[in-house]
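All remarks here apply to the structure that follows.
Every number here is computed from the coordinates shown, using simple stated rules; none is lab data. For clarity, every value in this text was computed on a predicted model and none was experimentally measured. Here Cβ is always computed from backbone atoms with ideal geometry, including for glycine, and neighbour counts include all displayed protein chains.
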Amino acid sequence: MRNFINRLYAICYPFPGIHVLGLVGSLLFVGALIFWPAVGETINQTGKSMPIPVFSTVLERSEESSESVLRLITRTEHVGEGDSLSRLFSRQDLEVQVLHSLTRAESGEARVSQLKIGQSVEFRYDNDNTLSEIAVIHSPFHQTIAAQSDGSWTISQQYREAEIYIEHARATIDSSLFLAGARAGLSDNLIMELADIYGHVIDFVHEIRQGDQFVVTFEKRYLDGEFIEYGNILAAEFINSGESFIAVRFEDTKGDVGYYDQNGVSLKKAFLRAPLNFRRISSNFSHSRKHPVTGVRRPHRGTDYAAPTGTPVYAAGDGKIAHRGTKGGYGKTIVMRHGSSITTLYAHLSRYGKFRTGQKVKQRQVIGYVGSTGLSTGPHLHYEFIFNGVHRNPRTILNKLPKAKSLPKSEIARYRRIAGVLIASLDAQRSHDELAFQSITKP
């Protein structure tokens with residue numbers, strides 16, 4: 001019996017305990033129905049099938065559904081640069097009149113003609129090669145479906161709920177966050193998300209120390225038992241130089257999502273520590289540096305972030321574009337004003353974002369892309385932070401600036417209830433205890 005349990009555990013891992021219990025219970029229930037003799041019957045049932053009504057109904061419906069789907073022949077188009085629904089219709093050799101009748105049926109958000117590059121569009125035909133449905137695939141969980149019947153179209157949204165499993169990862173840093181995260185089994189996107197969450201309070205280039213640790217609780221999303229994608233980071237703890245930083249994901253009653261510490265204080269500050277996703281910094285803030293191109297030793301009033309050409313550059317904080325153009329040795333440059341006392345500068349860009357001089361920009365919106373224009377030896381971003389007319393080290397001045405708004409008192413009670421469960425889970429993981437942590441529900 002013990003061997004059976006161990007083998008069952010190996011099969012079910014890493015699914016949450018509640019699903020394991022459900023599976024075991026279902027197997028025992030089915031086994032009992034199949035093998036338990038009814039009153040007045042013998043145990044000998046060989047040669048006979050004993051259908052379970054509920055399961056039979058489900059199987060019959062499933063077979064009917066499968067037959068319905070199989071009757072449709074699907075031809076898939078992938079939306080590329082310059083593609084429109086009209087062009088996709090042309091590639092499918094469909095008549096213009098069909099397109100016109102479809103677009104006349106569109107209204108509000110029920111549209112199939114608003115396509116995005118990279119989307120897939122399925123054209124579904126019946127056995128007579130007549131177009132029956134068009135499905136715009138937004139994600140594995142969301143489709144916009146236009147169905148044709150007797151020459152008229154009906155457009156609807158189809159959503160599927162993901163099966164969400166909660167998992168944990170923990171690691172000790174030897175050299176970098178990225179290597180430690182990869183060894184812990186985290187995807188690149190999850191590692192970057194973790195860096196973004198803590199990007200206002202930890203400098204992942206200069207403040208990381210060997211022996212720093214992190215624990216992270218995150219979602220994995222499945223569909224029909226197949227892994228589809230990683231979900232949100234629900235909570236994390238980062239221990240940097242012996243100091244613990246807690247982050248808990250919380251959606252307030254207005255629908256705004258943020259990460260907060262155990263007291264409901266936001267981890268977000270008014271400015272990012274680094275205005276791009278970076279892997280390494282090539283030159284630190286210094287009052288005297290030999291210029292790599294001119295060879296002249298002069299103050300280097302900023303920080304250089306080495307990154308591949310085309311890496312998006314973010315607005316460090318909310319503000320307005322004050323300059324967008326070439327600026328001497330800086331090459332293509334963006335200058336932003338943040339109120340009356342703070343200015344930020346972004347230089348050596350390869351190209352600009354969509355925002356123009358005078359326009360307002362929100363923190364983390366893309367204002368340009370890394371390049372090597374002006375006096376530059378390679379692709380990088382030169383970033384300057386000017387406070388009251390004085391160049392300041394952007395990595396140290398941020399510690400003196402105020403945080404963004406934290407949770408109001410009306411949200412604190414609900415936040416503490418949610419955070420309490422997540423933080424307890426982090427504590428258990430950090431101390432190597434096992435915690436049956438199946439799901440998180442809103443109170």
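Relative protection proxy for 414-425, 334-345, from highest mean packing down: 334-345, 414-425 (other beta-carbon atoms within 10 angstrom). Placing dummy labels 7 Å off each Cα toward the beta-carbon, the span from Gln359 to Phe178 is 3.0 nm.
With a Förster radius of 51 Å applied to the C-beta separation of Lys400 and Ser149, the computed FRET efficiency comes to 0.20. Summing charges over all other residues whose Cβ lies under 15 Å from the Cβ of Glu243, with Lys and Arg as +1 and Asp and Glu as -1, gives -3. Diagonalising the gyration tensor over the Cα atoms of the range 73-159 and scaling each eigenvalue by 5 before taking the square root yields semi-axes of 17, 15, 13 Å, largest first. Ordered by the number of other Cβ atoms lying within 10 Å of each residue's own Cβ, fewest first, Asp188, Asp212, Asp128, Asp203 fall into the sequence Asp128, Asp188, Asp203, Asp212.
Per-peptide packing, taken as the mean over residues of other Cβ atoms within 10 Å, places 191-198, 80-87 in the sequence 191-198, 80-87 from highest down. The calculated FRET efficiency for Arg71 paired with Asp196, based on their beta-carbon distance and R0 = 35 Å, is about 0.15.
In this structure, Arg416 and Lys320 have a Cβ-Cβ separation that, at R0 = 51 Å, corresponds to a calculated FRET efficiency of about 0.85.
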